[in-house]
1. So for the range 67-82 (the condition being part of a strand (DSSP E or B), surrounded by 12 or more Cβ atoms within 10 Å (Cβ to Cβ) and hydrophobic (A, V, I, L, M, F, W, C)), does at least one residue qualify?
2. Provide a single number: the residues in the range 83-107 that are more than 28 Å from His26 (Cβ to Cβ) and either open to solvent by 100 Å² or more (accessible area, probe 1.4 Å) or modelled with pLDDT of 95 or more (or both).
3. Test Ser22 against the criterion of being open to solvent by 40 Å² or more (accessible area, probe 1.4 Å), within 18 Å of Asp84 (Cβ to Cβ), small (Gly, Ala, Ser) and at pLDDT below 95, and give yes or no.
4. Within the set of pairs 6 or more residues apart or between chains, which connect a residue that is farther than 16 Å from Val16 by Cα and among the aromatic types (Phe, Trp, Tyr) inside the range 74-90 to a residue that is open to solvent by less than 70 Å² (accessible area, probe 1.4 Å) and in a strand (DSSP E or B) with Cβ atoms less than 7 Å apart?
5. Could you give every pair whose Cβ atoms fall below 8 Å, whose first residue belongs to the range 39-50 and is among the acidic types (Asp, Glu), and whose second residue is in a helix (DSSP H, G or I) and open to solvent by less than 60 Å² (accessible area, probe 1.4 Å), counting only separations of at least 6 or pairs across chains?
6. Find the residue count for the range 25-48, including only residues that are open to solvent by less than 80 Å² (accessible area, probe 1.4 Å), of a type outside the set (Lys, Arg) and assigned to a helix (DSSP H, G or I).
7. Mind listing whichever residues of the range 49-63 are assigned to a helix (DSSP H, G or I), open to solvent by 30 Å² or more (accessible area, probe 1.4 Å) and out of contact with any strand residue (DSSP E or B) (no Cβ under 7 Å at 6 or more places or on another chain)?
Amino acid sequence: MEDGMLAYPVPAPAYVIDHVFSGADHQHRRVQLPVECADRAVSWIRIQARTYGATAPEDHPIWGWIDTLHRATERQLLLTGAADLAFELDQGRVSWSIRRAVRARIA
């Protein structure tokens with residue numbers, strides 16, 4: 001760091017999100033993302049869920065989670081330190097597993 005530059009602390013991740021997509025065409029993606037807090041974890045997942053839900057009908061469970069049930073997931077994270085979500089879609093299965101960083105295994 002150069003003289004005169006401010007140093008901003010980088011917060012340690014509180015949670016790790018493990019995001020997996022298994023497509024109907026046998027494609028498979030896995031991403032791990034460290035996040036600072038429960039509301040960030042849920043916000044990130046809501047953004048991703050909207051992308052996957054774009055091809056789902058309005059009454060699909062993914063939209064219920066995006067619209068209202070995400071709050072229960074955030075409460076669960078704060079109380080237990082873990083949450084799991086999974087949805088079956090026409091293009092495949094999408095899931096998220098969130099764990100406290102101290103308990104999470106980063107592959």
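1. Initially, the range 67-82 is screened for residues part of a strand (DSSP E or B), giving 82.
Next, only the ones that are surrounded by 12 or more Cβ atoms within 10 Å (Cβ to Cβ) stay: 82.
Narrowing further to those that are hydrophobic (A, V, I, L, M, F, W, C): 82.
Yes, the range 67-82 contains at least one residue that is part of a strand (DSSP E or B), surrounded by 12 or more Cβ atoms within 10 Å (Cβ to Cβ) and hydrophobic (A, V, I, L, M, F, W, C).
2. Matching residues across the range 83-107 total 2.
3. Against the criterion (open to solvent by 40 Å² or more (accessible area, probe 1.4 Å), within 18 Å of Asp84 (Cβ to Cβ), small (Gly, Ala, Ser) and at pLDDT below 95), Ser22 qualifies.
4. Listed pairs, sorted by first residue: Phe87/Val94.
5. These pairs meet every condition: Asp39/Glu74.
6. The total comes to 8.
7. Going through the range 49-63, the residues assigned to a helix (DSSP H, G or I) turn out to be 49-53, 61-63.
Narrowing the set further to residues that are open to solvent by 30 Å² or more (accessible area, probe 1.4 Å) leaves 50-51, 61, 63.
Passing the criteria: Arg50, Thr51, Trp63.
The values are calculated or read from the model by the stated rules, or taken from the named source; none is laboratory data. Every value quoted in this text rests on a predicted model; they were computed, and no experiment measured them. Virtual Cβ from ideal backbone geometry, glycine too; neighbours counted across all protein chains shown. Side chains are part of the model used for accessible areas, which takes the heavy atoms of the whole protein and leaves out ligands, DNA and RNA. Shrake-Rupley method; radii C 1.70, N 1.55, O 1.52, S 1.80 Å.
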